[in-house]
Amino acid sequence: MIQEFKIEEADGIVLSETIKLQGEIYPKGYKLNANDIKEWKELGIDVISGMSLQEGDISSNLALEIIGTKLSGSNVSYILDEEGTLKFAALEDGIFRVEENRIAKFNKMSNIFVLNTISPYSNVKAGDIIGILEILPPFVSQSKIDEIKLNLSGNFALMTVMPEKQYKAALIYARFYTNKEENSYFTKQVKQLVKHLSRLNLEFSEEYEADYNSQAIGDAIQQAENQGNEVIFIISSIRTGGEADVIPQAMKSYVDEFICCQTAQINMSDMFVGEKRKSRVINLPYNYYREDCSLVDEMIIKSIINEKLIPTDYINKQNIILSKNYELDKNERLLLQNHGDEKTDSEEAKVAVVILAAGVSSRTKRNKLLITKENGEPLFMDSVKAAIASKAAPVFVITGHQHEEVEEYLENIDVNVIYNPNYRQGIKTSINLGLSLVPNICQGAILLPADMPNVTTKHINKMIEAFDAQEEKRVVVTNFKGVKRNPILWSRSLFEIADLVPENSGIRTVFAEHEDYMTLINAGSEKLILDVNYPSDIDILEKRKD
């Protein structure tokens, strides 16, 4: 901890910042000795800011490299510069991908690090700086770095560069007036779109026209998607008034997933996005060509290149954007190497975890997930910590009942927190929501009820190790004394029928039907499979605190 020291008590203290005295430079991290103290006292210095080293403290440079590796995804590297900051750079041409809410969460969780990046979804060239990481103290405890590493482990790496690819795109003109003025408006909208999305390799090959009604527009969307268009823009000469209006209704009638973005910008709020299989359908805001549309452009690009569309990703800006003055010099470029922690050539299966934390706890008469344990943390955090410390990534926490209280505990952990507005309709809605967001890079996902506080990282890893990613259908089930229990790992091809073992009755039909694809993992003890369902279970947990 950096604090003030009297100069006569500063022997062995490490400087928190570089000091220049009478031509001498004492760099940040320099340890003062008896001669320094004598000379500084003679110069009239009474106090100094610094820190006292403790056993297990590591240098700021080492801490930067450890966390830098954790933040670096595919096609991202870093170097440590002479100023003691870490510069992240692109290893190839592409689009810089980062989520602003995750940057904000990192800066909040770390308190000793500051991360700034260039604008998300910017075009970058190999060697371009995309982010800079600064550390405040000259030394930091290894335990603090380990804590930050753990909190970053519930997700994919924060920064990646996506290689450029071509997208086949189509335009749908929703006609209301059918006159010259309308044609002129369509032309202006398209010119602005092509100009602003030049960073994407969009191949506009087809155009469609539809009368301004949901049936006609829905038919045009279907026709464009059937022709293999990956991106479908709807351009309407009437501004859309909300989710119940014509175009959103047309989109909802056809897409698999509808996202109401409602951009937080005056005159530009009517942007809507949907996905149908691998196609993206985007309603272009009515005033797109008339306004500054940088925020909308970012959201459009995000909608196109992101593998999964998550409503919570469409939020207001929270990132401090780096200026374009930062560049690697010639020598720094030569030092770049791949530090990314995402090993795409790994043979081990890539598995996500969906933690189900949305239930109303009807049998316990109070929210069992918020019961505090010996360490002062709520019960559900045990399953979260077991998941993020495991080989699984990303981790999704599906919330519902008292979601604000639950989500408060997740503010400093880099996991995907998803609110399920339909949680009262049963746990199946949370399962379906969570699995729908698992990226395609993952071959499977573990369903983990949040009321199982004793599930361990070791057990989750054993499930992943037993999962054969080469098999199309595979289920890995926890087992204790011949009885199937949660958690369960489902292969992607079985997501539509994925379920949990019932808490109060025999095995469900779905497990019997897939017995041939099943691998059982021994829980080892009854303690591991404990789930908190009844008041007596709460009593057991609370007695452990006494």
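Here is the figure for segment 274-299: residues that are in contact with a helix residue (DSSP H, G or I) (Cβ under 7 Å, 6 or more places away or on another chain) and part of a loop (DSSP other than H, G, I, E, B) total 5. Applying the condition of being open to solvent by 20 Å² or more (accessible area, probe 1.4 Å) and among the acidic types (Asp, Glu) to segment 100-134 and asking which residue is farthest from Asn155 (Cα to Cα) yields Asp128. For segment 209-236, the candidate set comprises residues that are part of a loop (DSSP other than H, G, I, E, B) and open to solvent by 10 Å² or more (accessible area, probe 1.4 Å); within that set, the residue that is nearest to Ile304 (Cα to Cα) is Glu230. Tell me which residues, restricted to segment 46-63, are under 17 Å from Pro27 (Cα atoms), under 34 Å from the mean Cα position of the chain (by Cα) and surrounded by fewer than 19 Cβ atoms within 10 Å (Cβ to Cβ). Residues satisfying the conditions are Ile58, Ser59, Asn61, Leu62. Among the residues of segment 147-193, those that are assigned to a loop (DSSP other than H, G, I, E, B), open to solvent by less than 70 Å² (accessible area, probe 1.4 Å) and either over 30 Å from Ala387 (Cα atoms) or of a type in the set (A, V, I, L, M) (or both) comprise Leu152, Ala157, Leu158, Asn179.
Checking the conditions here, which among Glu8, Glu4 is more than 29 Å from Leu328 (Cα to Cα), open to solvent by 50 Å² or more (accessible area, probe 1.4 Å), assigned to a strand (DSSP E or B) and in contact (Cβ under 8 Å) with a residue 24 or more places away in the chain?
On the way: Glu8 fails: assigned to a strand (DSSP E or B).
So the residue among Glu8, Glu4 that is more than 29 Å from Leu328 (Cα to Cα), open to solvent by 50 Å² or more (accessible area, probe 1.4 Å), assigned to a strand (DSSP E or B) and in contact (Cβ under 8 Å) with a residue 24 or more places away in the chain is Glu4.
Here's a check for you: in segment 373-400, which residue that is touching a residue at least 24 places away in the same chain (Cβ under 8 Å), open to solvent by 30 Å² or more (accessible area, probe 1.4 Å) and out of contact with any Lys or Arg (no Cβ under 8 Å at 6 or more places or on another chain) is nearest to Ile441 (Cα to Cα)? So, considering only residues that are touching a residue at least 24 places away in the same chain (Cβ under 8 Å), open to solvent by 30 Å² or more (accessible area, probe 1.4 Å) and out of contact with any Lys or Arg (no Cβ under 8 Å at 6 or more places or on another chain), the one nearest to Ile441 (Cα to Cα) is Lys391.
Considering segment 429-477, and only residues there that are open to solvent by 10 Å² or more (accessible area, probe 1.4 Å) and of a type in the set (Gly, Ala, Ser), the residue that is nearest to Asn306 (Cα to Cα) turns out to be Ser436. Residue pairs whose Cβ atoms lie under 6 Å apart, separated by 6 or more positions or on different chains, with the first residue in segment 507-534 and closer than 17 Å to Leu494 by Cα and polar (S, T, N, Q) and the second at pLDDT below 85 and not in a strand (DSSP E or B), do not occur. Of all residues in segment 64-99, those that are open to solvent by 30 Å² or more (accessible area, probe 1.4 Å), hydrophobic (A, V, I, L, M, F, W, C) and touching a strand residue (DSSP E or B) at 6+ places or on another chain (Cβ under 7 Å) total 2.
The values are calculated or read from the model by the stated rules, or taken from the named source; none is laboratory data. All figures in this text were calculated on a predicted structure; none of them were measured in a lab. Please note: Cβ atoms are built from the backbone with ideal geometry, for glycine as well, and neighbour counts cover all protein chains shown. Protein only, heavy atoms only, side chains kept; ligands, DNA and RNA dropped before computing areas. Shrake-Rupley method; radii C 1.70, N 1.55, O 1.52, S 1.80 Å.
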